[in-house]
Amino acid sequence: MASRTKKKISLPKDLQQYSRAHLLYEVQMFFQLGALLMSGPFHANPPEAALVMHNAALEAFAIHLPNLLDFFYTQKPFDTDVIAAMFYDAGKRPADFPPKSSTLIRAHQKAHKEVSHLTTERHPDGSPEKVWQFHLLMREVKPLLEKFLRTASAARLDPEFIEHTTKLLATTR
């Protein structure tokens, strides 16, 4: 097995590239999956395949949400983690960055319990706690990205990330 070297990035050009390649992907997947899941039931033949497609989209949504929340709110990152603070010249988010809301705290925990690993804390089918509020979660994440776009160093954000994220947020209510 080939060894992998850990790559830590901090240079503005590296962060630009990362924002275009990876951060944009997380943003797009989160909002596009949320919109897809709100658009109505999946249809497939055989009908069981529709449930598989729905569950796969739901699980992907529940993976991208904590990825974004970890990006914005991780206080003690691992050496190779990329977090929002790295995109600011001061090395930290602005003091007026929105705090993590109780809705996002609960959703982050829910994603961990319902998707990330097997636990007895998973909710049974039919339980109201099993329902995901896609629209509400997208509405909660939107101002985080808007603030990030307004306040992060332009030298550390790729113009393509800014453009695509701005367009995506404009279509999210």
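Since every read-out is calculated from the coordinates, none of them should be taken as a lab result. No experiment lies behind these values; they were computed from the predicted model shown. All Cβ positions, even for glycine, are placed from backbone atoms using ideal geometry, and neighbour counts span all protein chains on display.
Pairs of Cα atoms under 8 Å, at least six residues apart: use those to get the relative contact order of region 1-81, whole percent.
39
Distance check, please: which entries in Lys92/Lys130; Lys13/Lys92; Lys7/Lys147; Lys6/Lys130 exceed 30 angstrom between their Cα atoms?
Correct reply: Lys92/Lys130; Lys6/Lys130.
What nm distance separates the two modelled labels at Thr80 and Thr171, each placed 7 Å from Cα along Cα→Cβ?
Between Thr80 and Thr171, the simple spin-label model gives 3.3 nm.
In square nanometres and to one decimal, what's the mean projected area of the convex hull around the Cα atoms of the chain?
The orientation-averaged projected area of the Cα hull of the chain comes to 12.8 nm².
Looking at His112, Leu36, Leu11, which one has the Cα that reaches farthest to the positive end of the dipole of region 1-120 (charges on Cβ: Lys, Arg +1; Asp, Glu -1)?
Leu11
Shape of region 64-108 from its Cα gyration tensor (a ≥ b ≥ c, root eigenvalues): rounded if a/c is under 1.5, otherwise prolate when a/b > b/c, or oblate?
Here region 64-108 falls in the oblate category.
Which of the chymotrypsin sites (Phe, Trp or Tyr not before Pro) found in region 40-100 are in a DSSP loop and have at most 15 neighbouring Cβ atoms, other than their own, within 10 Å?
Numbers: sites: Phe42, Phe61, Phe71, Phe72, Tyr73, Phe78, Phe87, Tyr88; in loops: Phe42, Phe78, Tyr88.
Filter output for region 40-100: Phe78.
If you average the sequence gap of Cα pairs under 8 Å that are 6 or more apart and divide by the length of the chain, what percent do you get for the contact order?
Relative contact order, the chain: 35 percent.
Over region 25-64, what is the relative contact order in whole percent, taking alpha-carbon pairs under 8 Å and six or more residues apart?
53
How high is the FRET efficiency from Asp14 to Asp125, r the C-beta distance, R0 45 Å, rounded to 0.05?
Efficiency, rounded to the nearest 0.05: 0.50.
Kindly rank 145-151, 114-120, 18-24, 28-34 from highest to lowest mean number of other beta carbons found within 10 Å of each residue.
So the order, starting with the most tightly packed, is 28-34, 18-24, 145-151, 114-120.
Through the Karplus equation 6.51 cos²θ - 1.76 cosθ + 1.60, θ set to phi - 60°, convert the phi angles of region 124-130 into ³J(HN,Hα) values in whole Hz; use x for Gly and Pro.
Rounded to whole hertz, the list is x, 3, x, 6, x, 5, 7.
Quick one: which of 45-57, 156-168 comes out on top by average Cβ neighbours within 10 Å, and what's the full order, highest first? Each step should come with its number before you reach the end.
Working: 45-57: 11.8, 156-168: 16.2.
The peptides rank, most packed first, as 156-168, 45-57.
Taking every pair of alpha-carbon atoms in region 57-155, what share in percent sits in each 10 Å bin, from 0 to the bin with the longest distance?
14, 44, 30, 11, 2
Can you find, among Ala84, Thr172, Ala56, the residue farthest towards the positive end of the dipole of the chain? Put +1 on the C-beta of Lys and Arg, -1 on that of Asp and Glu.
Ala84
Charges at C-beta only: +1 for Lys and Arg, -1 for Asp and Glu. How large is the resulting dipole of the chain about its Cα centre, in Debye rounded to 20?
Dipole of the chain, to the nearest 20 debye: 440 debye.
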